[in-house]
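Chemist: One structure coming up, written as structure tokens, with questions to follow.
The values are calculated or read from the model by the stated rules, or taken from the named source; none is laboratory data. This structure is a prediction, so every number in the text was calculated from the model and none was measured. So basically every Cβ, Gly included, is an ideal-geometry build from the backbone, and we count neighbours across all protein chains shown. Surface areas here come from the heavy atoms of the whole protein model, side chains and all, with no ligands, DNA or RNA. Shrake-Rupley method; radii C 1.70, N 1.55, O 1.52, S 1.80 Å.
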Amino acid sequence: MGSDAEEVSQPASSPEYEQDDEDEDCYLSDQEDDALEESVLQVLEDGNLEDCHWSSSSREDLRKVMELLGLKEHHARTLLIHYRWDVERIFELLDQKGRDRLFSEAGIPLGTANNAGSPSATEVTCNVCYDDVPLTAASHMDCGHNYCNECWTEYFIVKINEGQSRRVKCMAPKCNAICDEALVRKLVSAKRPDIAERFERFLLESYIEDNDTVKWCPSTPHCGNAIRVKGDIHCEVECTCGRQFCFNCSSEAHSPCSCVMWELWIKKCRDESETVNWITVNTKPCPKCHKPVEKNGGCNLVACICGQAFCWLCGGATGRDHTWSSISGHSCGRFTEDQSTRTEQARRDLYRYMHYHNRYKAHTDSLKQEAKLKRDIQWKISISENKESKIKDYSWVINGLNRLFRSRHVLSYSYPFAFYMFGDEIFKDEMTPEERELKQNLFEDQQQQLEFNVERLSGFLEKDFQNFSDEEVMDTMKHVINLSNVVDRLCKQMYQCIENDLLYPLRTPHNIAPYKSKGLDRASELHICLDSAEQSSPSMKCSQDEHKSQLGLCSESGI
């Protein structure tokens, strides 16, 4: 389910781990001690991700369509904009619809209308303003329609102001042809340079906003970068500005949650649904003013702040006279099943949500706290490297920390996934209770194993190894290296379980971003030019609000 970016292969051999029966610790075999002393960490990947550039860009898309279909550049761009820059889709539809229909639907003229006047004429009559103007003061489009430059210019300005810059149609009645953007640019810039700049920006941004494989980075404030992926859009990427996000929905990276699950979870945490649930469970409405009342004593005769007394058991209005066993003039001994069932269900739903939310938030908070470890660890490493010791390589600490961050992130978002996977919100009718219980037990077993080892890894990384002897450092190093491999393996197993055992058999499709041992795909800067080939100004970045001739684009790296 990942993108087509090539993934760096994992080491051919990794140290096996064993679990002690008493404390379930993890150890390296004794044969590897010597190798560890010579090379502290060979089995884990380097924390510095290498950038990788995609060779394809908007210019290559244009060139491919121009060469294979024999089109001018502005016609090729018109075709790409109409089909959202999906080159493969264009050639697929070419076989299905044929060349003429494909071009006609995109607004590319198939033939030339004879509307340019006599070849020997020196003037042409504009059918808009009905003025006779010299041929040099008129322009015709590829569709053959000819009007004076003044009318063309005013028409283009109106269309650009209306936000139709990407597909400005010919102003001839019933003509579906798209105007040449080079002519639009030329005529408008002569009269309104500011409108021409807006037209240029809209044309450039069409590559980003109309392309399903390219998206703006959702950073705030906007960094001006865009991310391009090749392959499955259900992936998570990291912009050069540092923002990590889900490419499919532009939200924060939330794997192993699907985008639908994450959207529901955010809404559930943000709105007041759980507050309403708590009120349903713990309060009763006053029969007079209907405000929620919470009972703060053992007596079932309660009084609202409005002065109304009522029975807590049934909610009926009563007088204030009562004994320990009864309320004067009132009896509610009859059982009402509906109200009791609704209250009990609301209580169960609330407790279930609190269970998953508390664990999700606990791991999210731990991730924030552990982010501060980086400064402490760098300080500890600097002290350790300056002291007299045989151990000078402490890359195992940094790699262990990176592994902790990635596995903690997976663990944190596994709780919202479990909340919806095994609840009634999405898959209520797709699993029998027995199937749900079996799958939940399978998932929670893996989740608990990951949680146990993540906590152990966090504990070893927090040790003050700068004060340890060489033997103690080596012992800590072995635990960190081994636990790093263990949590990486458990994360892979959890994702395999989710994809193959939980989501795959269901009718409702839910795609999740694949797990990557090296972390999220990191974008590398790539510059694209959407102008004509004659323009050769230097590459430069620009934001969505800047009027530039070129656009800074980030592509997904092939990690």
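Chemist: For a quick check: with amide H placed at 1.01 Å from N, whose amide H comes under 5 Å from K169's, ignoring anything fewer than 5 positions away on the same chain?
Modeler: Those lying under 5 Å, H to H, from K169 are C179.
Chemist: Using every pair of alpha-carbon atoms in region 123-210, split the distances into 5 Å bins beginning at 0 and state the percent of pairs per bin, rounded to integers.
Modeler: Bin by bin from 0 Å, the calculated values are 3, 15, 26, 24, 18, 9, 3, 1, 0.
Chemist: Turning to a different aspect of this structure: Please list the non-local residues whose amide H lies under 5 Å from the amide H of V124, H modeled 1.01 Å from N, same-chain partners needing a gap of 5 or more.
Modeler: Excluding prolines and chain starts, which carry no amide H, the hits are V133, L135.
Chemist: Share of region 56-106's accessible area from carbon and sulfur, percent, 1.4 Å?
Modeler: C and S atoms contribute 43 percent here.
Chemist: Hey, any idea what % of region 123-210's accessible area is carbon plus sulfur with a 1.4 Å probe?
Modeler: Taking all protein chains in place, region 123-210 shows 50 percent carbon and sulfur surface.
Chemist: Let me ask something additional. In whole Hz, with x marking every Gly and Pro, tabulate ³J(HN,Hα) for region 448-455 from phi via Karplus 6.51 cos²θ - 1.76 cosθ + 1.60, θ = phi - 60°.
Modeler: 5, 5, 5, 4, 4, 6, 5, 5
Chemist: Here is a further query. Mind grabbing the accessible area of D445 for me, 1.4 Å probe, Å², rounded to tens?
Modeler: 90
Chemist: Tabulate in residue order the Karplus-calculated ³J(HN,Hα) for region 302-310, using 6.51 cos²θ - 1.76 cosθ + 1.60 with θ = phi - 60°, rounded to whole Hz; enter x for Gly and Pro.
Modeler: 10, 10, 7, 5, 7, x, 6, 9, 8
Chemist: Please arrange K186, K516 by accessible surface area, largest first, computed with a 1.4 Å probe and ligands excluded.
Modeler: On the way: K186 140, K516 30 Å².
Listed by decreasing accessible area, they come as K186, K516.
Chemist: Next question, about the same structure. Mind listing the phi-derived Karplus ³J(HN,Hα) values for region 434-442, rounded to whole Hz, using 6.51, -1.76 and 1.60 with θ = phi - 60°, and x for any glycine or proline?
Modeler: 5, 5, 5, 5, 5, 5, 5, 5, 4
Chemist: Related question: If you filter region 405-453 for trypsin sites (Lys or Arg not before Pro), then keep DSSP loop positions with at most 11 other Cβ within 10 Å, what is left?
Modeler: K428
Chemist: If amide hydrogens are placed 1.01 Å from N in the peptide plane, which non-local residues have theirs closer than 5 Å to the one on F247?
Modeler: Counting only residues 5 or more places away or on other chains, the set is C235, E236, V237.
Chemist: Right, next: Over 20 Å between C-alpha atoms is what I'm after, so list which of K268/K492; K64/K174; K380/K478; K97/K159 land there.
Modeler: Distance filter (> 20 Å) returns K268/K492; K64/K174; K97/K159.
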